[in-house]
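Here's the structure, in structure tokens; my notes come after.
None of the figures in this text is laboratory data; all of them are computed from the coordinates on show. Please read all numbers here as calculations on a predicted model, not as lab measurements. Backbone-built Cβ (ideal geometry, glycine too); neighbour counts: all protein chains shown.
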Amino acid sequence: MNSRAQVYLFAILLLVLGSGLTFYKHNSLGFPLTPGELDQVWTIEASVNFDAKGDSIKANLALPDLGGEFEFISESFSSSGFGFDSITEDNGQRRVVWTKRKGNGNQQLYYRLQLVQHEDANRTDKEPPFDEELTAPEWSEAAQGVAQSLIKKAEELSADIPSLTKQLLLQLNDPKSADASFLHDELPNDTTGDLAIKVLTEANIPARQIRGLALVEDRKNIQADEVLEVWGGESWTPFTPADAKQGFPPGFLVWQRSGISMLDVTGGENSRVRFSMISNYLPSKSVAMNSPSRSHVPLLDFSIFTLPVDKQNAFKSILLIPAGILVVVIFRVLIGLKTSGTFMPVLIALAFIQTNLTTGLITFLSIVGVGLWLRSYLSKINLLLVARISVVVIMVIILMAGFSVISYKLGIDELMGITFFPMIIIAWTIERMSILWEEDGPKEVMSQGFGSLLVAVFIYLVMTNGYIQHMTFNFPETLLIEMGVILILGQYSGFRLLELYRFRSLGKGL
Amino acid sequence: MNLFATPSQLRKFGLLAMNRRNLDFISSYNDRSLYPLVDNKLLTKEAALNAGIAVPDMIGSIETPFQIRQLEKIIEGYGQFVIKPARGSAGKGILVITERDQNTFYKPSGAPLSLQDLKRDLSNILSGLYSLGGKPDTALLEALIEFDDSLTKYSFQGVPDIRVIVFKGFPVMAMLRCSTAASDGKANLHQGAVGVGLSISSGKALSAVQDGDLVESHPDTGERFEELAIPYWEEILKLTARCYELTGLGYLGCDVVIDKARGPLILELNARPGLAIQIANQKGLYARLQQVEGLTEAHSIDERVEYAIREFGE
């Protein structure tokens, strides 16, 4: 394989690897591609409250089954004086068990859960009902008759089981319906959902109750919301009993399905569980870093995000340098602009970032200008090069100090940023410019100086771009992409833009 | 004139551009390990002398700051000489002394320099001011070329030198570089020197260009270029063709000067010759390079020169 093909192969490999890792990190680990992306993080608190009777206590709370649109971040159990254990039952239901040898009076136990809500929300359950034969509810003959009449009415107005359920719920919610009122009076402890399940069971339609929480900002001390699910033969269709709407309420976190108790307390009475919820917005990246399901990916375990914060900040600017270098390569290879010193523009741009552009340009030009003027005297005396450069470095430092003091006295604080300029680089720039001036004249100095500054300004614009800063820091994999692009540019053997100008006379007459 | 040529125009013209030169010729045909020989004029000189290739006479070399003190002794008896950095590039740091009055030295422009000035220049050279990468350097003192009368009239103050591009041992393109008042006696085209394209078959002028524009005559001396013919032409071609064997560099720029008494001399060699020769010749280099690239069998020096005269003459 010839070397050009090798380079292309290598470059494509780097590009694929770099963009693949970036894509993976974005898609699977949830790193946002744009800066400032936020995730809504919900904190849900279940408080369990009961009166202890002085015996040993065992409180057992169902825990929500996470998955689908919710991603688990963390959970905690707060229960002073209680031992606790979280268990998973055979049917997959997670529960927490609080235990205490002896307890008296009112007891408060807390379970706190943090989770992130994501977009997709198709949670149709296709698991068929457990029992084919439903056991008819036990109720009075009158109630049974009313139930049957409700079903009959609903059947007339509907086409299938879901629409029948909807009609039934509408009737049960109708305050003017005598049948509904009768059932509510007959079974005062039952909610509309409970009643609907009983009526549906009477019609031999499997239905069940789901309890969960519709995540809405700042709900406090509420009971779990109820959702009714009805088996339509192929899948379960959810309904909100209160308004007869089909489907889950938006942002519904399923806590517990029927057949499983929400809270069991032995050794206590008047037990109840109440929920509170609050949400806040956290940067997607910190959510991605903290999520237990994602953080043990090797890509993150061995990433720079595991470094101490100050080192991370150092890397923030280091990782930007390749973007600047890419600009230099483009300017050299594709445009053909001469700069004094290959990567000097990158260093100048880094100083501009600290000072901001206008003041950076002013201070840079003034320091180099005054430096060149002072340096012209040094040409007249006989000095070894090292000594002369050292003198120039010291001159640059004196100039920096002088500029800072003067600008401070004048109240122009912006010019104080002068200290961010790399003085050795500036000294070398002055030295080279000075030689260039003597050898090739001021025109060449202007053209190279202008070239360097133009490239530096471009690099500054690239490096201060919020999107590029975000990408280079959060996706260091882009280094591979940059390397691949530079490899490809390194194979470019076509014309440079400025060559089209330089050789313009050769193009005519053809 | 249009401000820009289009890429397709330049492609049709056969222009060799910087990226292609670097990628397809310099890095493909010039092995890096061979660079020191041409980048260091002292080594070039030694190798050329060993191979029997004519070069300008050397007065001496200065390698340490201590030796600078002996400058007076070294240049004793020389009224004209040239000080050069051994590793300088693009003519940087070259000091030409054409007249001497005791310890006052005169540049071609007539500007006087003291012995102290010379010593300062030497110290600059030794500390690597002109060398690539700022490496410590050696200074060379050479006898001034007394250049051939036939070329004197085409040059203002400086030495007119002949640049020949030699590819795989074949001289493929040549030009004469004439210094002008605008170029301050220097032979660099981008500083305003005149480049005269030369026919490979005859050494006669094809076209002359200053700052990208065609000129008929030298701007300072007024001599018309159409009468220009380089003497010793075939000898020059052979001399440059031999530099391929001398250096092993496939893509090479040879700078030749013609001394009144000694004939053509190799002044220096360049592993990264510039592209301006195409402007001077009004001819692209790429087609000729490809033609030579297509040749497979080995050729002797004479065969290569013959081939070049036959194929690249105009």
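At a glance:
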item: Alpha-carbon centroids, region A:442-484 and region A:165-234: separation in whole Å; result: 64
item: Straight-distance crosslink candidates among aspartates and glutamates, where the alpha carbon sits under 12 Å from A:K58 and sequence neighbours closer than 8 are dropped; result: A:D85, A:D264, A:E269
item: Quotient of Cα Rg and 2.2 N^0.38 Å for region A:360-510, N being how many residues it contains; result: 1.36
item: Spatially proximal lysines relative to A:K316 (Cα-Cα < 25 Å; intrachain offsets below 8 disregarded); result: A:K25, A:K285
item: Computed log₁₀ I(q)/I(0) - Debye formula, equal Cα scatterers, no solvent, region B:77-126, q 0.30 Å⁻¹; result: -1.22
item: Amide H contacts under 5 Å for A:F70, placed H, 5+ residues apart; result: A:H118
item: Cα gyration tensor, region B:29-78 - rounded (a/c under 1.5), prolate or oblate; result: oblate
item: All-pairs Cα distance distribution in region B:152-239, expressed in whole percent, bin size 10 Å; result: 19, 52, 26, 3
item: Burial ranking of peptide ranges A:345-354, A:443-452 (average Cβ count within 10 Å, highest at the top); result: A:345-354, A:443-452
item: Top of B:T44, B:T180, B:T152 by mean-square fluctuation, Gaussian network on chain B, Cα under 10 Å; result: B:T152
item: Degrees, to the nearest 10: B:233-247 long Cα axis against longest axis of chain B; result: 80
item: 5 angstrom amide H check on A:G232, placed H, neighbours 5+ away; result: A:T237
item: Spatially proximal aspartates and glutamates relative to B:K238 (Cα-Cα < 17 Å; intrachain offsets below 8 disregarded); result: B:D161, B:D255, B:D259, B:E268, B:D302, B:E303, B:E306, B:E311
item: 24 Å Cα-Cα threshold exceeded, pairs from B:K92/B:K119; A:K443/B:K153; B:K186/B:K260; result: A:K443/B:K153
item: From phi via Karplus (6.51, -1.76, 1.60), per-residue ³J(HN,Hα) for region B:192-207 in Hz, x at Gly/Pro; result: x, 6, 8, x, 10, x, 10, 6, 5, 6, 10, x, 8, 5, 9, 7
item: Average other protein chain Cβ within 10 Å of Cβ, residues A:492-501; result: 6
item: Between helix A:141-156 and chain A: long-axis angle, C-alpha atoms, 0 to 90°, nearest 10; result: 50
item: Loop-located GluC sites (Glu not before Pro) in region A:152-258, at most 16 other Cβ atoms within 10 Å (DSSP); result: A:E217, A:E234
item: Chain A - Rg (one decimal) and Dmax (whole number), Cα, Å; result: 36.6, 121
item: Per-residue average of Cβ from other chains inside 10 Å of B:14-21; result: 6
item: Charge context of B:E146, other residues only, Cβ under 13 angstrom, K/R +1, D/E -1; result: -3
item: Whole-angstrom Cα spans of chain B along principal axes, big to small; result: 56, 44, 38
item: Rg(Cα)/(2.2 N^0.38 Å) for region A:263-358, N = residue count; result: 2.04
item: Percent of C-alpha pairs per 5 Å bin, region A:234-276, short to long; result: 5, 13, 19, 23, 18, 10, 8, 4, 0
item: Packing rank of B:308-314, B:94-100, where each peptide gets the mean count of other beta carbons within 10 Å, highest leading; result: B:94-100, B:308-314
item: Under the Karplus curve 6.51 cos²θ - 1.76 cosθ + 1.60, θ = phi - 60°, whole-Hz ³J(HN,Hα) for region B:139-146, x wherever Gly or Pro sits; result: 9, 10, 10, 10, 5, 6, 6, 8
item: Per-residue mean of C-beta atoms belonging to partner chains within 10 Å, peptide A:430-443; result: 2
item: Long-range HN-HN contacts of B:E99 with modeled amide H, under 5 Å; result: B:Y106
